[in-house]
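What follows is one structure encoded as structure tokens, with my remarks underneath.
The values are calculated or read from the model by the stated rules, or taken from the named source; none is laboratory data. What you see is a predicted model; the values in this text were computed from it and never measured. Cβ placement follows ideal geometry from the backbone for every residue including glycine, while neighbour counts extend to all protein chains displayed.
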Amino acid sequence: MNPRMTTRTHHSIPPIVPPPNCFTVLVVDDMLPNRILLRKVLQSAGYAILEAENGAVAMELLESLPHLPDLIVTDIEMPVMDGISFIGEVRELDGRVSNIPIIAASGNADEQMSREAVSAGSDVFMTKPFDLPQLRRAMAELLRARRNSPNERSETSALVLRNRLNLGSRQVQEG
């Protein structure tokens, strides 16, 4: 028998790499541990991850990338360019970029911050630390909505998400 062969059938060998789902997520957060956690969780779910440490770096990425991310997850409180400013600038760019769904989040969230994020153009606002299954469900719902209407943002996406995920008002705000 070949020493590199195994006696196990191919059905019992676990896959080494998760199946790709072909979605790319831009994670914007000034805290490296937060980016690492999201990278590991989302890559294990099959997402490709781009990272930026603040809104200014994220804007540079969006303007220079040949392929845009399918979704953005951004922190609110960051140096250089905060999340609210970043979201506002994204929404002012051309349609391809301005239609990217955005999940905004903060560990110091209050009602005022969530209203500001939604007013700036965030599709969903969540509090940190993330409830990771809830985050993944919100991401899947936003990506599904975008796939159904790729050229326009759904103004009711936050309300739809709240109803489908049964989220409280502190985690997802209406747009």
**Report entry** Close pairs (6 angstrom Cβ cut-off, 6 or more residues apart or separate chains): buried (at least 17 other Cβ atoms within 10 Å of the Cβ) in the range 42-57, of a type in the set (A, V, I, L, M, F, W, C) and in a helix (DSSP H, G or I) anywhere
**Finding:** ILE49/LEU42; ALA52/ALA58; ALA52/LEU61; GLY55/PHE86
Report task. Considering only the range 74-100, state which residues are acidic (Asp, Glu) and within 14 Å of VAL27 (Cα to Cα). Result -> ASP75, GLU77, ASP82
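From LEU61, LEU26, LEU93, LEU42, grab the single residue that is at pLDDT 95 or above and of a type outside the set (Phe, Trp, Tyr). Reasoning before the result, please.
Numbers: LEU61 fails: at pLDDT 95 or above; LEU93 fails: at pLDDT 95 or above; LEU42 fails: at pLDDT 95 or above.
When all the criteria are applied, what remains is LEU26.
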Report summary line: Pairing a residue in the range 128-148 that is closer than 23 Å to LEU68 by Cβ with any residue that is of a type in the set (Ser, Thr, Tyr), where Cβ atoms lie under 7 Å and the two sit 6 or more apart in sequence or on different chains, gives LEU142/SER157; ALA145/SER154; ALA145/SER157
**Report entry** Flag if ARG96 is farther than 21 Å from PHE125 by Cα and not in a strand (DSSP E or B)
**Finding:** yes
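Can you name the residue in the range 45-56 that is of a type in the set (Gly, Ala, Ser) and part of a strand (DSSP E or B) and is also modelled with the highest pLDDT among such residues?
So the first thing to find is which residues in the range 45-56 are of a type in the set (Gly, Ala, Ser), and the list is 45-46, 48, 52, 55-56.
Adding the requirement that they be part of a strand (DSSP E or B) leaves 48, 52.
Numbers: ALA48: 89, ALA52: 96.
The residue in question is ALA52.
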